[in-house]
1. Share of Cα-Cα pairs in the range 66-159 beyond 23 Å, in percent?
2. Over the chain, give the accessible area per residue in Å² for a 1.4 Å probe, as an integer.
3. Loop only by DSSP, 16 or fewer other Cβ within 10 Å of the Cβ. Give me the GluC sites (Glu not before Pro) in the range 287-338 that pass, ordered by residue number.
4. Return the single residue from 308, 209, 191 with maximal mean-square fluctuation; model: Gaussian network over the chain, springs between Cα atoms under 10 Å.
5. Over the Cα atoms, compute the radius of gyration (one decimal) and Dmax (the largest Cα-Cα distance, rounded to a whole number) for the range 138-222, in Å.
6. Whenever you get a sec, compute what percent of the accessible area on the range 244-326 sits on carbon and sulfur atoms (1.4 Å probe).
7. Can you tell me what share of the DSSP beta bridges in the chain is antiparallel? A percent to the nearest 5 is fine.
8. Once you've got the GNM for the chain with C-alpha springs shorter than 10 Å, pick whichever of 55, 257, 190 has the biggest mean-square fluctuation.
Amino acid sequence: MFKVSKAKRAFGLCFLTLASAVFAAEVNVYSHRHYDSDKELFKEFEKESGIKVNVVTAKAEELLVRLKMEDKNSPADIFITADVGNLEQAKEQGLLQPIKSEILETNIPQHLRDSESMWFGLTKRARVVVYNKDKINPEELSTYEALADDKFRGKLVMRSSSNIYNQSLLASIIANDGKDEALKWAKGIVANFAREPKGNDRDQIRAVASGDGVVTLVNTYYLGNMATSKDEKDRAIVERVGIFFPNQADRGTHINVSGGGVTKYAKNTDEAQKLLEFLSSKKAQTLFAEANFEYPVNPEVAPSKLVASWGEFKEDKLELSNIGKYNKEAVAIFSEASWK
Ligand code: FE
């Protein structure tokens, strides 16, 4: 965690109040991310660039509707959200514009940004297997596909299929294995449910720790957040579970990003580009990595100590745009497989 002393923070606030009168330029952000880390990052950018950052935060779906309704009159210059599924939706709905930037192309690996430069990944997360250490030996784990085997009957707890994280995972399975195999997989997983899908990623981890299930799939940063939680119960829960990176012998573990793009009708395009470039810089990527236990997208920056302690892993290098492309099919397959 990065810590700013109270005095420094107070100084920062004074600085901002004084400076706000003289900001020559500004940039308007619509963001689905609501972490303190992002606030610190925007402040840092204001200091460095002299560009004021105005932020509106809301759910991704709400921001997408708002951007569409506001159309040419939208004050937004940048749209920031979690999951490539949401970024691709913004692209498909014509809400973004391409940005050509050598800085972004250098700082962000190709598979983590849109091939048409409409959106750019800013933080990376892996969707990993979490298992109850007392109930299963990790040697029994291998791939996402293998979780559909009979041997996991009655052992899986999963989040509902209405959640974009599982939709994106299934989209990656469609891209890798084809539609028919993806449907078989989804049906196999449903047959292995220990209970009907309910709750968020944290609830799946809790269910595995309590023994309601043995194995689940969750995004990595939830483990980091729970392991460092003020709530003693959450910390104890993480002690009881293990992390396993699936598909290491083949394509690698499914990853996703949170990221952003410049809006179609941005009035402050240059400022928006500068902000995206700043967010991909070493300095900003270090803050992202320390604050929310996500993986930096910039290969020059190391993950936080805790995240690094889970070990290195091979990631699926599938171009993330594919995940958006197969979202509708993923939703249809989930419904055919009766994955609630
Ligand atoms: Fe999340």
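The values are calculated or read from the model by the stated rules, or taken from the named source; none is laboratory data. Remember, it's a predicted structure, so these values are computed and weren't measured experimentally. Note: ideal-geometry Cβ built from the backbone for every residue, glycine included; neighbour counts use all protein chains shown. Note: areas computed on protein heavy atoms with side chains; ligands, DNA, RNA excluded. Shrake-Rupley method; radii C 1.70, N 1.55, O 1.52, S 1.80 Å.
1. The calculated P(r) of the range 66-159 puts 49 percent of pairs beyond 23 Å.
2. Here the per-residue accessible area is 45 Å².
3. 300, 312, 319
4. Answer for the Gaussian network model of the chain: 308.
5. Taking only Cα atoms of the range 138-222, I get Rg and Dmax of 12.2, 35 Å.
6. 52
7. Taking every DSSP beta bridge with both residues in the chain, the antiparallel ones total about 65 percent.
8. Largest GNM mean-square fluctuation: 55.
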